[in-house]
1. Can you tell me the order of 255-268, 235-248, 84-97 when each peptide is scored by its average per-residue count of other Cβ atoms within 10 angstrom, highest first?
2. Say R0 is 25 Å: what FRET efficiency, to the nearest 0.05, do residue 86 and residue 27 get from their beta-carbon distance?
3. Compute the distance in nm between two label points, each set 7 Å from the Cα along the Cα-to-Cβ direction, one at residue 45 and one at residue 151.
4. What distance in nm separates the two pseudo spin-label positions at residue 55 and residue 259, each 7 Å out from Cα along the beta-carbon direction?
5. How big is the gap, in Å, between the Cα center of the stretch 197-276 and the Cα center of the stretch 36-67?
6. So for the stretch 149-272: antiparallel DSSP bridges make up what percent, rounded to the nearest 5?
7. Sorted by mean Cβ packing within 10 Å, highest first, what order do the peptides 38-44, 21-27, 129-135 take?
8. Looking at the chain only, what percent of DSSP beta bridges run antiparallel? Nearest 5 please.
């Protein structure tokens, strides 16, 4: 981000979306705006004020600086700076996801005696991942934490690259038959949501349980994408196989460890404990 802002010439303006597209995905526009706001506070000399919304909305405190440079009149003409020389990080990550999705194994999940749930909570620029395991009687067996600093901002469909830095080491400290992730499995534009990514790295069965869908159409109690049923709806949660599980066995395992609400119990506990841990640090 810093490098992109430094490339905008004096008197020129660009938009959050144009920078996001240069980074590889226009959906990162909101993340670009948030990063500009942060830089305006910690490094006011970086020309953050030269970035505006596609609707010509300015960031707080930018108007005076833009008027001095003539940028406001420039923006009204619709002539935005576009010649960025930056690493297209999101395009690279998307390519990695497509390659990794080819390695997924969607097979029937066997008997599950111990199930894990892993979730991440945030405060400012810090985060904590919590992995919890429970037995068939829904009793807590193990709890592990991992504090970390996310290296990229939140952008839809790239959550794994933000959170696995904490999720992976937390999960590696636990023993379980399957792990539930507060995110997607194969219910993802490139077939590799956070649950699939984590399961692949762990070499263990994983299941995604998300609160909303990224792709596909709801038909009854299932979600279809590109002609295939890849997720199921249960109590408001979108369940999709991650790795070493298929849709039928993923749904069966999720129901087995579900008590109430829109997530299996291991996930609900992990979410609660991660929030408590971040404030106690």
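1. Working: 255-268: 19.5, 235-248: 23.6, 84-97: 15.5.
Highest-to-lowest ranking by the protection proxy: 235-248, 255-268, 84-97.
2. Values: r = 16 Å, r/R0 = 0.65.
After rounding, the FRET efficiency stands at 0.95.
3. Reported label-point gap for residue 45 and residue 151 is 2.8 nm.
4. Rounded to a tenth, the inter-label distance reads 4.3 nm.
5. The stretch 197-276 and the stretch 36-67 have Cα centres separated by 40 Å.
6. Within the stretch 149-272, antiparallel bridges account for around 85 percent of the total.
7. Highest to lowest by the protection proxy: 129-135, 21-27, 38-44.
8. 80
Every number here is computed from the coordinates shown, using simple stated rules; none is lab data. Everything numeric here is computed off the predicted structure, so don't read it as measured data. Ideal geometry is used to build each Cβ from the backbone, glycine not excepted, and the neighbour counts take in all protein chains shown.
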